[in-house]
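Heads up: the structure comes next, in structure tokens.
The values are calculated or read from the model by the stated rules, or taken from the named source; none is laboratory data. Because the structure is predicted, anything quoted here is derived from the model rather than measured. Please note: Cβ atoms are built from the backbone with ideal geometry, for glycine as well, and neighbour counts cover all protein chains shown. Note: areas computed on protein heavy atoms with side chains; ligands, DNA, RNA excluded. Shrake-Rupley method; radii C 1.70, N 1.55, O 1.52, S 1.80 Å.
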Amino acid sequence: MKRKGEFGVTGTAASGADVSTLRELNSISIVRAMRGQPPATVTELASRTGLSRPGADVVVRGLVTDGWVKIVEPDGSSVGRPARRYRFNADAGHVLGVDVGGHKILVLLADLEGQVVHSHRLPVEPDADPGARLKAVDTAISQCLAAVKMRPEQIWAVTVGVTGPVDATGRTTLFTPLPGWASVSPAEHLAARFSCPILVENDCKLAAVAERWKGAAQDADDIVYILAGMRTGAGLILDGTLRRGHGGAAGEIGALKAVRWLSAPSHIENCPGVPADIHPDDKAAWVFNQAREGDRDAKTALRRYVKDLAVGAAALVLTLDPQVVVLGGGYSRSADLIIDPLAQELGRLCLRVPEIRASSLGADSVALGALRVALDQIDAQLFTDGMPAPLTASS
């Protein structure tokens, strides 16, 4: 089976280029009409694409031969001889989304329509050095692929989400809380194993992509995603497009100390009354639970946290005027305690308050966004460079 990285090779000879190009364009048109849709007849596909029915029939038959399209057998529920239906072969290739976090590695495997086939999560120590963290990435990917009996060459694109702004080389050279991670190139490391495109992106940006794709902001084109947790960050989508900035640092407003994002989580972490034996990762949950029960210290800590969070959020809202602000990250599990006070603070600071919504994707958001970016990479090659050689040729 041809990998997605080979989409630049179409097998078109120099002679007869016009006919071959037309056939290529028609094939792409049919594939576009089928992806993400229920099985369709040739007549339906001809109507969607503007091709003649005989022309659509020829193209579809060729796509079946090449492995891009599958025939859907009748289920016997209709009377008489039903029209043959076809569906896009989403299993022709797969993509990986990898979230390299402080405490875990999460790997999601999806088909070409974005359906998650398998997920695998592996814990990692927060203070792990780059070598240990990369080894955990390798192990998590291996275990994910092994679970579905898949080989690296069957993967068409990989996207890795990391903490910190990602530059053009795929490194987090400006800053990152992961120990020693600025010296690491995840793309170069994985290139020894995968021959497909390997992309690296900031985790907040990927989470924003995921929320627009499958989460709380599917109806919006202008989105500010706020990561609220032990670390605070933001991802920006404007006019439906992820904004990275010239050096990959768009949305890193927390670097400006005046917005108080760096210190905001300390109100939660240093709340008076937190039991001395509680694990640091469980402090926030304890504070939020106490706030729900009316504990004065917990409510004060929460109020101070929201006030600090609102400073940076207001700066982004005033600058970008988004339709939606999505509250994500670990603290979004207690969004019922944060959203209303945050809206009140933004009302005091901003000209217009956008709708504030809680993330609906939770801890999977970064890896899901990574899947979407990997699929976009495939689409860009598929619909720009053309269809690859027959998938069945090397399967």
Just order 260-270, 236-246, 320-330 by mean Cβ neighbour count inside 10 Å, highest at the front, would you?
320-330, 260-270, 236-246
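If you place +1 on the Cβ of every Lys and Arg and -1 on the Cβ of every Asp and Glu, how big does the dipole about the Cα centre of the chain come out, in debye to the nearest 20? Mind dumping the intermediate values first?
Values: 42 positive and 44 negative charges, 96 e Å.
Around 460 debye, computed over the chain.
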Positive-pole candidate from Ala146, Trp181, Pro126, dipole of segment 114-218, charges at beta carbon
Ala146
Accessible area per residue for segment 300-373 in Å², computed with a 1.4 Å probe and the full protein assembly in place, what is it?
40 Å²
Packing-wise, with mean Cβ within 10 Å as the measure, how do 360-366, 284-290, 341-347, 51-57 rank, highest first?
360-366, 284-290, 341-347, 51-57
Sorted by packing (mean other beta-carbon atoms within 10 Å per residue), highest first, where do 248-257, 373-382, 199-208 land?
199-208, 373-382, 248-257
Mean accessible area per residue over segment 42-105 (1.4 angstrom probe, all protein chains present, square angstrom) is 51 Å²
Restricting to Cα pairs under 8 Å and 6 or more apart, the percent relative contact order of segment 64-199 works out to 19 percent
For the chain, what is the calculated [θ] at 222 nm in deg cm²/dmol (nearest 500), taking -39500 (n - 2.57) for each run of four or more DSSP H residues and dividing by its residue count?
-12500 deg cm²/dmol
What are the extents of the Cα atoms of the chain along their three principal axes, listed from largest to smallest and rounded to whole Å?
74, 44, 43
Distance between Cα centroids, segment 138-177 to segment 299-358: provide it in whole Å.
31 Å
Can you give the log10 of the normalised intensity I(q)/I(0) at q = 0.19 Å⁻¹, computed with Debye over equal Cα scatterers of segment 68-183?
-1.01
Is the shape of segment 266-383 rounded, prolate or oblate, going by the alpha carbon gyration tensor and its root eigenvalues a ≥ b ≥ c, with a/c under 1.5 for rounded and a/b larger than b/c for prolate?
oblate
How large is the dipole of segment 255-395 about the Cα centre if only Lys and Arg carry +1 and Asp and Glu carry -1, each at its Cβ, rounded to the nearest 20 debye?
560 debye
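Taking only pairs that are 8 or more places apart or on different chains, how many Lys pairs in the chain have Cα atoms under 18 angstrom apart? Please list the in-between numbers first.
On the way: Lys2/Lys70; Lys2/Lys149; Lys104/Lys135; Lys205/Lys214; Lys257/Lys307; Lys283/Lys299; Lys299/Lys307.
For the chain, qualifying lysine pairs total 7.
At a 1.4 Å probe radius, which order do Lys70, Lys149 fall into by accessible area, largest first? Kindly include the intermediate steps, with their values, before the conclusion.
Working: Lys70 80, Lys149 180 Å².
In descending accessible area the options line up as Lys149, Lys70.
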For the chain, with the dipole built from +1 on Lys and Arg beta-carbon atoms and -1 on Asp and Glu ones, taken about the Cα centre, which of Val116, Leu45, Ser360 lies farthest toward the positive end?
Leu45
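Over the chain, with every protein chain in place, what whole percent of the accessible area is carbon and sulfur at 1.4 Å, could you tell me? Spell out each step's value before the answer.
Working: 9330 of 18210 Å².
Ligands and nucleic acids excluded, carbon and sulfur reach 51 percent.
Which value, in Å², gives the accessible area per residue of segment 133-211 when a 1.4 Å probe is used on the protein heavy atoms?
Numbers: 2810 Å² over 79 residues.
Value returned for segment 133-211: 36 Å² of accessible area per residue.
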